[in-house]
Amino acid sequence: MLVLGVETSCDDTGVALVRDGRLVAERIGSQADLHSLFGGVVPEIASREHLRLLTPLARSLLDEADVGPESIDTVAAARGPGLLGSLLVGLSFAKGFASVHGARLVGVNHLHAHLLAPGLERELPFPALGLLVSGGHTQTYRIADPFTFELLGRTLDDAVGEAFDKTAKMLNLPYPGGPHVDALARLAEPDPELFPRPYIDNPNLDFSFSGLKTAMALYLEGHPELKLARMPESTDVAGELAPSHREALAHVLASFSFAVVDALRIKVERALDRTRDARSLIVSGGVAANSMLRAAMGQLASERGLELVLPSLRLCADNAAMIAYAGWLLAQSGYRHGLDLEAVPRGRAVPWDYTRES
Ligand code: KG4
Ligand code: ZN
């Protein structure tokens, strides 16, 4: 079965082809440089960029794979949660493509697709405990199988990626800030006492990161010299800084990252205590690229005798390969949608509203 995946839930325009569960080709058009001018994603600009990029990307994808549109059995589109205008561009494209070329339509939950993404690279042992860490979400799930996700914990305010991005913004680092914070943090040893672990003195599995952001803001009030005088233009931020500035910044960012990762670790441990049958720990989403988080989750998995499942770096961030793969899993099991499929904006639960082919 050949599946065309379409991803337009935020600021990356992606298309990909998956045949029988394996990636054939993909195209991604990042809008990061454009949104970086505004210090964050501007929804109206994102929708217009998706509209501009989607058709040429799909054309070049099919050309590269030497596939005609009529060979596509299923079109899988991210249907939420995400920016409503952006999702609508991808869904309209998918519906048009499916009806013109006689393909099946399957809407995909973007969050589930993140957690299933490593299935493109390896077998996923279920039941699994899933930790999803991205720019918009921080959640844990018990995943019984690729179609059965039970939400265990979620953030009550900022997502973990937002905590990294807002810290970066306070320092005048480029958007998105997570990768820059990570690169600088790797240059120093953290001080585990410098920042608090937010929202851990409670019995629940939810997260909160806004207090940590405030702690960083207060710290920077006392240390204004840490802020960069102007936003660096190159991607090698560390290379542009004077050695003493680099050292001090690396130390603070390593300590900040340590507090974030430790808060995640504490709640994941608790989630595991309540998911005794888990065979693996799946960590996915853009922040799963973070080096300190990858190391901490590796250690936790080995302490608990679990298989650690981490997607390769290119599969962590938003991409259409994961949408095509999740769509393939669904379509193969008979799940599909009609042309009345609706987009689901951020903050609303994505319904399980498939019809089933026998
Ligand atoms: O999954 P994703 O590409 O988009 C969303 O669905 O949100 O995640 C993007 C987020 C951004 O907040 C970005 O700063 C963060 O992932 N990120 C990182 C790293 N790489 C990306 N955060 C920390 N360390 C990284 N290495
Ligand atoms: Zn995402």
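Coordinate-derived values only; no laboratory data. Just so it is clear, the structure is predicted and the values come from calculations on it, not from any experiment. Glycine gets a Cβ as well: all are built from the backbone with ideal geometry, and neighbour counts include every protein chain shown.
Which is the longest run of the chain containing none of the chymotrypsin sites (Phe, Trp or Tyr not before Pro) found in DSSP loop states (not H, G, I, E, B) with at most 14 other C-beta atoms within 10 Å?
Numbers: sites that count: PHE38, TRP352.
It runs 39-351.
Using the C-alpha gyration tensor of segment 1-144, what are the square roots of 5 times its eigenvalues, in whole angstrom, with the largest one first? Don't skip to the end; give the middle numbers.
On the way: eigenvalues 104, 100, 35 Å².
They are 23, 22, 13 Å, listed from largest to smallest.
Which whole number of Å³ per residue matches the convex hull of the alpha-carbon atoms in segment 147-193? Present the calculation step by step, with values, prior to reporting the outcome.
Values: hull volume 7.3 nm³, N = 47.
Spelled out: Cα convex hull of segment 147-193, divided by residues, is 155 Å³.
Kirkwood hydrodynamic radius for the chain: how many Å is it when counted over pairs of different Cα atoms? Mind showing how you got there, number by number?
On the way: mean 1/r = 0.0478 Å⁻¹.
Computed over Cα pairs of the chain, the Kirkwood hydrodynamic radius comes out at 20.9 Å.
Taking 1 over the mean of 1/r across every pair of different Cα atoms in segment 5-62, what Kirkwood radius in Å do you get?
On the way: mean 1/r = 0.0837 Å⁻¹.
After inverting the mean inverse Cα-Cα distance, the result is 11.9 Å.
What is the distance, in nm, between label points placed 7 Å from the Cα along the Cα-to-Cβ direction at ALA295 and at ARG52?
Placing both labels 7 Å beyond Cα along the Cβ direction yields 4.1 nm.
When all alpha-carbon pairs of segment 205-358 are counted, what percent fall beyond 27 Å?
Details: 5570 of 11781 pairs.
The answer is 47 percent, as a whole percent.
Helix check for the chain. Which DSSP H runs span at least 24 Å along their own axis by Cα, with a mean Kyte-Doolittle hydropathy no less than -0.5?
Details: long enough: 43-65 (32 Å, -0.15); 84-101 (25 Å, 1.23); 243-273 (44 Å, 0.36).
TM-like helix candidates: 43-65, 84-101, 243-273.
Expressed as a whole percent, how much of the Cα-Cα distance distribution for segment 225-308 exceeds 22 Å? Provide the component values of the computation, followed by the final result.
Values: 1469 of 3486 pairs.
Value for segment 225-308: 42 percent of Cα pairs lie more than 22 Å apart.
Across segment 60-192, what fraction of all alpha-carbon pairs, as a whole percent, falls in each successive 5 Å bin from zero upward?
2, 9, 12, 14, 16, 16, 14, 10, 5, 2, 1, 0
Averaged over every viewing direction, what's the projected area of the C-alpha convex hull for segment 124-264? Give it in nm², one decimal, please.
Working: hull surface 38.4 nm².
Hull-based average projected area comes out at 9.6 nm².
Tally the DSSP beta bridges in segment 1-148 and give the antiparallel ones as a percent, rounded to 5.
Values: 21 of 31 bridges.
So the antiparallel bridges amount to about 70 percent of the total.
Cross-link partners among lysines for LYS213, C-alpha distance below 29 Å, same-chain residues fewer than 8 apart left out?
Partners within reach: LYS166, LYS169, LYS227, LYS267.
Could you check what % of the DSSP bridge pairs in the chain are antiparallel, to the nearest 5?
Working: 29 of 49 bridges.
About 60 percent, rounded to the nearest 5.
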